[in-house]
1. Need the failing condition index for N268 against (1) buried (at least 20 other Cβ atoms within 10 Å of the Cβ); (2) modelled with pLDDT of 90 or more, just the number.
2. Under 30 Å from A51 (Cβ atoms), out of contact with any strand residue (DSSP E or B) (no Cβ under 9 Å at 6 or more places or on another chain), of a type outside the set (S, T, Y) and not in a loop (DSSP other than H, G, I, E, B): is that true of G115 in this structure?
3. Looking only at residues in the range 242-265 that are in contact with a Gly (Cβ under 9 Å, 6 or more places away or on another chain) and not in a helix (DSSP H, G or I), which one is farthest from V153 (Cα to Cα)?
4. Looking at the range 238-265, which of its residues are more than 12 Å from V99 (Cβ to Cβ) and surrounded by 16 or more Cβ atoms within 10 Å (Cβ to Cβ)?
5. Can you find a residue that is assigned to a loop (DSSP other than H, G, I, E, B) and either β-branched (V, I, T) or at pLDDT 95 or above (or both) anywhere in the range 79-93?
6. Testing K232 on (1) in contact with a Phe, Trp or Tyr (Cβ under 9 Å, 6 or more places away or on another chain); (2) assigned to a helix (DSSP H, G or I), one condition comes back false. Which one is that?
7. Exactly one condition in (1) in contact with a helix residue (DSSP H, G or I) (Cβ under 6 Å, 6 or more places away or on another chain); (2) in a helix (DSSP H, G or I) is false for S273; which is it?
Amino acid sequence: MTSKTLTNANEFDPNNFEKGDSLWDKAWYKFKRDRMGKTGAFIVLIYFIIALGVWFGIWGGAWSDTSDDLWQGPSMQHLFGTNVIGSDVLTRVIYSTKVAFEVGFVVAVLSTVFGAILGSLSGYFSGTWVDSVILWLMGVLDSIPFYLFVAAVAFALKENPFAMHIAMIATFWTGTARVVRGEVIKLKGQEFVEAAKSIGVTETNIIFKHIMPNTSHILLVQSTIAFVAAIKSEVILSFLGLGVKDGVSWGLMISESTQDVLAGHFNNFLSSSVFLFVLVIAFNMFSDSMQDALDPKKVS
């Protein structure tokens, strides 16, 4: 069969694929037909371009500038108005986009890496003391209320600006590790693992060169989930005074806007809230589409 057709525009038929098609080919084929997923990915791309502009100094650099135009409404000079100290709200929202992506990227990458390594070790050595120790550690971390743990880490690190990142990484990796552990337990009984053992490949190479690459579809989905969770957590922690210390973020803007709202000025609150809401919804749409597309049960 050389052609791939759908009987329905929104219906996925695994019989449309040849046996040689890989999981990634099938996932990409399905993702291209997911309108919600593509819409979410497009919106996330726009946010990413905004963040890139801040990183390269194209816009957002004047987020801390003040003026005498206090609590001004939207105008040609200040499209989203100004806050209590005369800072341009749009500039601050744009700069906060960069902060959100930095936090999300760092936490997503590191928590996924730690989760992949520890989950693989736990799954490969399931039933041994290695598995027991890792499961115990995951149980302990999962039993501690997240925001209480972040407060404890922030206190222990004495206002270290990376306390929030460390706390999120230390808790987010457990979700990835549990999913990877289950997949590795299934994979370690496959023929390619038995073949590697039979020719003398070390356990380290089997885990990291043969088994872990076969969990890449899971890691991709888990990283997108961790990314959006990190952004939402940063907003809540910054609102509580436990998040971003230097700079500005959507969480800090919402926190600052409490006095603005009481005075009848909603520019700061609405701008930061809408930007956060749209990004979270778009990333959830993209993440759900990725998870659906990369589900082996649906694309095999």
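The values are calculated or read from the model by the stated rules, or taken from the named source; none is laboratory data. Given the structure is predicted, the values throughout are model-derived calculations rather than measurements. Note: ideal-geometry Cβ built from the backbone for every residue, glycine included; neighbour counts use all protein chains shown.
1. Among (1) buried (at least 20 other Cβ atoms within 10 Å of the Cβ); (2) modelled with pLDDT of 90 or more, the lone unmet condition for N268 is (2).
2. yes
3. Top of the filtered list is H265.
4. F239, L242, I254, S255, E256, S257, D260, H265
5. yes
6. Only one criterion in (1) in contact with a Phe, Trp or Tyr (Cβ under 9 Å, 6 or more places away or on another chain); (2) assigned to a helix (DSSP H, G or I) is unmet by K232, namely (1).
7. Tallying (1) in contact with a helix residue (DSSP H, G or I) (Cβ under 6 Å, 6 or more places away or on another chain); (2) in a helix (DSSP H, G or I), S273 fails exactly one: (1).
Okay, residues lined up against (1) in contact with a Leu (Cβ under 7 Å, 6 or more places away or on another chain); (2) part of a loop (DSSP other than H, G, I, E, B); (3) of a type in the set (D, E, K, R); (4) surrounded by 18 or more Cβ atoms within 10 Å (Cβ to Cβ):
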{"position": "L110", "(1), (2), (3), (4)": "no, no, no, yes"}
{"position": "G119", "(1), (2), (3), (4)": "no, no, no, yes"}
{"position": "D131", "(1), (2), (3), (4)": "no, no, yes, no"}
{"position": "D142", "(1), (2), (3), (4)": "no, no, yes, no"}
{"position": "A152", "(1), (2), (3), (4)": "no, no, no, no"}
